[in-house]
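Enquirer: My structure is below; once you've seen it, I'll send some questions.
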Amino acid sequence: MARIDAFFKLMNEQKASDLHLVSGQQPVLRIRGDLERVKYKLLDDDELRAMLYEITPEDKIKTFEETGDLDFSYEIPGLARYRANYFMQKNGIGAVFREIPSEILTVDQLGLPSVVSRLAMLPRGLVLVTGPTGSGKSTTLAAIIDEANRKRKDHIITVEDPIEFVHQSKSCVINHRELNTHTRTFTAALRAALREDPDIILVGEMRDLETIRLAMEAAATGHLVFSTLHTTSAAKTVDRIIEVFPTGEQAQIRSTLADGIRAVIAQALFKRIDVKGRCAVLEILVATHAVRAMIRESKTHQITSAMQTGKKYGMQTLDDGIFAQLKAGRISPDEAYMKCVDKEKFKPYLTEAPQDFTEV
């Protein structure tokens, strides 16, 4: 057993999502969104480096020493998988590990709206799950892919950096590919995927123009494509995709995106006050004919109104989702206020004056 495994077992026992190991500091766990120090000595750079290198493949060590950054995955059988990031900082080496549960929760177990499971059954198109880092995008995507894996008879290819949730082939055939291990770039993997008879393609992250372009082309040529972006709302997601392209291409990209987009899920995580844990609140945009027209005609400012009037299609704004969780007694009024869009709607639920001075 590697020495560092003791920290992972503690992480699992404490139900922490992340483990921070940094030279010159004590270990730190992120529990229910908050960082909490572990009662342990300050980590020495040489000792920590030896501990980290014990679980790192030789070729990855070489990459890290050349670049000062590294991403890879590590697994303890029977416990969990971990997404690892190493980095160099002022006092030496540092690392952050995100726990990826071995059990893939279903849409129902996660308490997500039923429309989310229906996205797994779409015949083609582009579905995006967005939100800030640590908002649960990978967990939501894993639940959707699991739904497809159980109910469809198709070929699913995932391209990630690194591989996170590992799906066992059920009714579908699933192939997992990892950047810098099985393929060089998202772009190269996407080009290759189109020759590998895929029905569903999961792209871990749409990082650059070429990856976005290829993902949209795959969606336009009859494939169902899932991916993520670091945006905070459905409307901003549409704008972000279009703004990546040169000005001269944006009109054509609007049309291509309008034809290919099927749904955007923007989500945020909230601490629960009724039980220990966190819950995801989703903003859901379904690409109806009206929504596609808004994208095509550069009227994305009207998307929020479309979500408010499109509840029969499964749409909801982030504020609607927050309000539902607040009424159910799962989240606090203060956090609801801090993360909502329409502050006035949530002010009556506060017991004290709002603390967000940027909203004055």
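Enquirer: Select, from Ala235, Ala188, the only residue that is more than 26 Å from Gly131 (Cβ to Cβ) and assigned to a helix (DSSP H, G or I).
Expert: Only one candidate passes the filter, namely Ala188.
Enquirer: Please verify whether Ile163 is over 20 Å from Thr231 (Cβ atoms) and either assigned to a loop (DSSP other than H, G, I, E, B) or among the charged types (D, E, K, R) (or both), treating the condition exactly as stated.
Expert: Details: over 20 Å from Thr231 (Cβ atoms): yes; either assigned to a loop (DSSP other than H, G, I, E, B) or among the charged types (D, E, K, R) (or both): yes.
So Ile163 passes the test.
Enquirer: Against the definition (on the phi > 0 side of the Ramachandran plot and surrounded by fewer than 15 Cβ atoms within 10 Å (Cβ to Cβ)), how does Gly125 come out, yes or no?
Expert: No; evaluated as a whole, the condition is false for this residue.
Enquirer: Right, something else. Exactly one of (1) small (Gly, Ala, Ser); (2) in a helix (DSSP H, G or I); (3) under 30 Å from Glu352 (Cα atoms) is unmet by Gly329. Its number?
Expert: (2)
Enquirer: Let me ask you something else. Got at least one residue in segment 144-151 being assigned by TED's automatic domain parsing to the domain that holds His182, touching a residue at least 40 places away in the same chain (Cβ under 8 Å) and assigned to a loop (DSSP other than H, G, I, E, B)?
Expert: No: segment 144-151 contains no residue that is assigned by TED's automatic domain parsing to the domain that holds His182, touching a residue at least 40 places away in the same chain (Cβ under 8 Å) and assigned to a loop (DSSP other than H, G, I, E, B).
Enquirer: Considering each residue of segment 214-237, count those that are crowded, with 18+ Cβ neighbours inside 10 Å and either farther than 22 Å from Met294 by Cβ or in contact with a Lys or Arg (Cβ under 9 Å, 6 or more places away or on another chain) (or both), and give that number.
Expert: 10
Enquirer: Quick test for you: out of Glu75, Glu99, pick the one residue that is in a strand (DSSP E or B), surrounded by 14 or more Cβ atoms within 10 Å (Cβ to Cβ) and free of Cβ contacts under 8 Å to residues at least 12 places away in the same chain. It would help to see each step written out before you state the result.
Expert: Details: Glu99 fails: free of Cβ contacts under 8 Å to residues at least 12 places away in the same chain.
Result: Glu75 is the single residue among Glu75, Glu99 that is in a strand (DSSP E or B), surrounded by 14 or more Cβ atoms within 10 Å (Cβ to Cβ) and free of Cβ contacts under 8 Å to residues at least 12 places away in the same chain.
Enquirer: With the structure loaded, tell me whether Gly68 is surrounded by fewer than 15 Cβ atoms within 10 Å (Cβ to Cβ) and either under 25 Å from Ile31 (Cα atoms) or among the hydrophobic types (A, V, I, L, M, F, W, C) (or both) or whether it fails that test.
Expert: no
Enquirer: For segment 244-324, which helices (runs of 4 or more DSSP H) that fit wholly inside it have 2 or more residues that are in contact (Cβ under 8 Å) with a residue 60 or more places away in the chain and within 27 Å of Gly136 (Cα to Cα)?
Expert: Once the helices (runs of 4 or more DSSP H) in segment 244-324 are filtered for at least 2 residues that are in contact (Cβ under 8 Å) with a residue 60 or more places away in the chain and within 27 Å of Gly136 (Cα to Cα), what remains is 250-260, 303-309.
Enquirer: Further question: Filter segment 28-65 down to residues that are surrounded by 14 or more Cβ atoms within 10 Å (Cβ to Cβ) and under 19 Å from Gly134 (Cβ atoms) and give me whichever is farthest from the chain's Cα centre (by Cα).
Expert: Ranking the qualifying residues of segment 28-65, first place goes to Val28.
Enquirer: Then there is this: Where residues in segment 102-143 are of a type in the set (Val, Ile, Thr) and not in a strand (DSSP E or B), which of them is nearest to Asp45 (Cα to Cα)? Walk me through it before giving the result.
Expert: If we filter segment 102-143 for residues that are of a type in the set (Val, Ile, Thr), which is where we start, we get 104, 106-107, 115-116, 127, 129-130, 133, 139-140.
Okay, now just the ones that are also not in a strand (DSSP E or B), so 104, 106-107, 115-116, 133, 139-140.
Numbers: Ile104: 35, Thr106: 41, Val107: 42, Val115: 49, Val116: 45, Thr133: 27, Thr139: 33, Thr140: 36 Å.
The residue in question is Thr133.
The values are calculated or read from the model by the stated rules, or taken from the named source; none is laboratory data. Source: prediction; values computed, not measured. As a convention, Cβ positions derive from the backbone with ideal geometry for all residues, glycine included, and neighbour counts pool all protein chains shown.
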